[in-house]
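The values are calculated or read from the model by the stated rules, or taken from the named source; none is laboratory data. The model shown is predicted, which means the values in this text are computed figures rather than measured ones. Please note: Cβ atoms are built from the backbone with ideal geometry, for glycine as well, and neighbour counts cover all protein chains shown.
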Amino acid sequence: MTRVRVQGIVKRFGDTAAIDGVSLDVRPGELFTLVGPSGCGKTTLLRIVAGLLDQDAGSVLFNEDRMDDIPPYLRNIGVVFQSYAIFPHLTVAENIAYGLKARRVPADRIAAKVAEVGRLVQLEGLMDRMPSQLSGGQQQRVVLARALVIEPRLLLMDEPLSNLDAKLRVQIRSLIRAVQRELQITTVYVTHDQEEALAISDTIAVMDRGRVLQVGKPWELYLTPGSRFVADFIGTMNVFHGRLEGSAAAAGPRPMVTTFGERWQVCATGASGAQIAVGVRPESLTLERGANADEVWNSLTGTVVEAAYLGAVVRYQVHVANGLSATAEIHNPDFAAIRAVGDRMTLWFGANRAVLLPESASEA
């Protein structure tokens, strides 16, 4: 298995730094996702790792091998781009076999490898079809098979599901994850879809404006975002600005925060009087105060301005105060007690479910 390290990568286009000193360490056999908004530099970084673009500074290493001067065709990588780039005049089997033929692999070995990979990505029975006879999901599986059949040391995937509808995206991402785990192939995956990143990744790096803001496990980024940008990009976060009352040392692990007239206890640190931002996830807001007497519960009250029934979840938008609103997601709701637009509502959250959101360098 291959370990990938990028060290101090810089890439400029004119006066713009598309990649601004990025360093990352991708462990052998993991699925590592670069996520961020359009133009943040994630595809540029992927192309540098692939050797399709030269960096202005920094290095790329596969294990201990420096790749900076190695052309793409000698890096032994499989690449899946956003566009399928399937040869329309070749059958499924011929498309998959293309890379092996270019490497002059013996014909019997090609047939065996194509059949093996075809089974892996669930293309049995489709090998003689032409691309025009395939669905979007089937075409994406052909592209994945073509990348895997050459037995690459590294798999790079750039927005591979963006051309598929929502249901197919879920199906194909599950297939990609299952295949990646079975082969234990180190994979760098690029997407702007935070749900996709959470569902598929071992590790996620959140990027913005050419920099990496935070790296961690999906649940780490979701539960303990290091900045307002990460909190907003990975899921939905209610953010309230307030003032810290008393130092954490004096008040213990749960100092008081005053925000829009409410006084909350949160797990926080900081100096008395400091202006802070408090983040609370929608699913952390509940209609009932918790029964645990040892827990500290905070509340906010407002008017329902939107109520969306989504089956297992009811999502409320609640106008709180001073033009602020909160999003609450009530799971397994009591359908007889669903609130309507215009109703007053009190929402509760535990002190340990609130996080502080410092400004990141990218946001400053």
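Checking the condition part of a helix (DSSP H, G or I) and either out of contact with any strand residue (DSSP E or B) (no Cβ under 6 Å at 6 or more places or on another chain) or among the aliphatic types (A, V, I, L, M) (or both), which residue from Arg119, Arg129, Arg104 passes?
One residue alone meets the criteria, Arg119.
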Residues being at pLDDT 90 or above and exposed (fewer than 12 other Cβ atoms within 10 Å of the Cβ) - total across region 292-309: 2
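Go through Ile204, Ile176, Ile200 for me and flag whichever is in contact with a helix residue (DSSP H, G or I) (Cβ under 7 Å, 6 or more places away or on another chain), of a type in the set (Val, Ile, Thr), more than 20 Å from Val79 (Cβ to Cβ) and outside the structural domain of Ala321 (by TED's automatic domain parsing). Talk me through it step by step, then tell me what you get.
Details: Ile176 fails: more than 20 Å from Val79 (Cβ to Cβ); Ile200 fails: more than 20 Å from Val79 (Cβ to Cβ).
It is Ile204.
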Among the residues of region 142-157, is there at least one that is touching a residue at least 60 places away in the same chain (Cβ under 8 Å), in a helix (DSSP H, G or I) and among the small types (Gly, Ala, Ser)? yes
I'd like to verify a number: residues in region 310-356 that are part of a strand (DSSP E or B), over 11 Å from Leu285 (Cα atoms) and among the small types (Gly, Ala, Ser), how many? 1
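Could you please let me know if Ile48 is more than 14 Å from Met157 (Cα to Cα) and out of contact with any Cys (no Cβ under 9 Å at 6 or more places or on another chain)? Can you show your working first?
Values: more than 14 Å from Met157 (Cα to Cα): no; out of contact with any Cys (no Cβ under 9 Å at 6 or more places or on another chain): yes.
It is false that Ile48 is more than 14 Å from Met157 (Cα to Cα) and out of contact with any Cys (no Cβ under 9 Å at 6 or more places or on another chain).
When you go through Arg344, Arg289 one by one, which is the residue that is over 27 Å from the mean Cα position of the chain (by Cα), surrounded by fewer than 12 Cβ atoms within 10 Å (Cβ to Cβ) and either within 23 Å of Leu223 (Cα to Cα) or modelled with pLDDT of 90 or more (or both)? Reasoning before the result, please.
Values: Arg289 fails: surrounded by fewer than 12 Cβ atoms within 10 Å (Cβ to Cβ).
Step by step, each of Arg344, Arg289 is checked, and only Arg344 is over 27 Å from the mean Cα position of the chain (by Cα), surrounded by fewer than 12 Cβ atoms within 10 Å (Cβ to Cβ) and either within 23 Å of Leu223 (Cα to Cα) or modelled with pLDDT of 90 or more (or both).
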Out of Leu53, Leu34, report the one residue that is more than 16 Å from Thr186 (Cβ to Cβ) and buried (at least 16 other Cβ atoms within 10 Å of the Cβ). Leu53
Here's a check for you: in region 201-243, which residue that is within 27 Å of Leu154 (Cα to Cα), more than 8 Å from the chain's Cα centre (by Cα) and of a type in the set (A, V, I, L, M, F, W, C) is surrounded by the fewest Cβ atoms within 10 Å (Cβ to Cβ)? Trp219
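Without any contact (Cβ under 8 Å) to a residue 40 or more places away in the chain and within 27 Å of Gly41 (Cβ to Cβ): does that describe Leu164?
Working: without any contact (Cβ under 8 Å) to a residue 40 or more places away in the chain: yes; within 27 Å of Gly41 (Cβ to Cβ): yes.
Taking the combined requirement at face value, the residue satisfies it.
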